[in-house]
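Colleague: The structure is given below, and queries will be raised subsequently.
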Amino acid sequence: MTKTNDRQARMGLLARAEPARLAALMPDLPPHDWLRAPETGAVMVQGRVGATGGAFNLGEMSVTRCALRLKSGAVGHAYVQGRDRDHAARAAAIDALMQGPSAERIEADILSPLRRDEAGHRRVRAEKAAATKVEFFTMVRGED
């Protein structure tokens, strides 16, 4: 993966993380200055017919975004679904911290547990879906 793809994946993970879990893993924000304080707005969500057809506007969704600069000069950005300003601030701080010397520690202490949590949630969802699977078969009446 490229550095850009790594950052996109990391920011997606942080945006999908449960806010309470992220707060437990990172209770305090490092010293920072706001470039853009957390603000909530709406974005239009698009869908596609059959996942490949033409795009259509599905509806609006609340999003909170922010940007901050750590005392080291690293800049972090975040966009998270919903109105949780603390979630956005923590995600932006982690984005900034990953650009500095503490990246390995942040990876081990915060991002790896979040990845494990997400994998567990996906596994549970897949098991629930598999439990509803119906298998069809055809019986052949007598052979000639």
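The values are calculated or read from the model by the stated rules, or taken from the named source; none is laboratory data. Note that the structure is predicted; figures quoted are calculated from it, not measured. Neighbour counts run over all protein chains shown; Cβ positions are idealised from the backbone, glycine included. What goes into the accessible areas is simple: the full protein's heavy atoms, side chains included, and nothing from ligands, DNA or RNA. Shrake-Rupley method; radii C 1.70, N 1.55, O 1.52, S 1.80 Å.
Colleague: Going by what's in this entry, would Arg141 be described as out of contact with any Leu (no Cβ under 8 Å at 6 or more places or on another chain) and at pLDDT 95 or above? Can you show your working first?
Modeller: Working: out of contact with any Leu (no Cβ under 8 Å at 6 or more places or on another chain): yes; at pLDDT 95 or above: no.
It is false that Arg141 is out of contact with any Leu (no Cβ under 8 Å at 6 or more places or on another chain) and at pLDDT 95 or above.
Colleague: Oh, and also: Can you list the helices (runs of 4 or more DSSP H) lying wholly within segment 12-112 that have 3 or more residues being farther than 22 Å from Arg122 by Cβ and under 15 Å from the mean Cα position of the chain (by Cα)? Walk me through how you get there before you give the answer.
Modeller: Values: elements: 19-25, 85-97, 103-106.
Per the criteria, 85-97.
Colleague: Would you mind stating whether Arg85 is open to solvent by 100 Å² or more (accessible area, probe 1.4 Å) and touching a Gly at 6+ places or on another chain (Cβ under 8 Å)?
Modeller: On the way: open to solvent by 100 Å² or more (accessible area, probe 1.4 Å): yes; touching a Gly at 6+ places or on another chain (Cβ under 8 Å): no.
No.
Colleague: Moving on to the next point. In segment 75-114, which residues are charged (D, E, K, R) and either farther than 15 Å from Arg7 by Cβ or in contact with a strand residue (DSSP E or B) (Cβ under 6 Å, 6 or more places away or on another chain) (or both)?
Modeller: Correct list: Arg83, Asp84, Arg85, Asp86, Arg90, Asp95, Glu104, Arg105, Asp109.
Colleague: Can you find, within segment 59-81, the residue that is surrounded by the fewest Cβ atoms within 10 Å (Cβ to Cβ) among those that are over 15 Å from Pro30 (Cα atoms) and touching a residue at least 40 places away in the same chain (Cβ under 8 Å)?
Modeller: Top of the filtered list is Gln81.
Colleague: Conditions first: (1) surrounded by 11 or more Cβ atoms within 10 Å (Cβ to Cβ); (2) free of Cβ contacts under 8 Å to residues at least 12 places away in the same chain. His32 passes all but one, so which condition is the exception?
Modeller: Here His32 meets the rest and fails (2).
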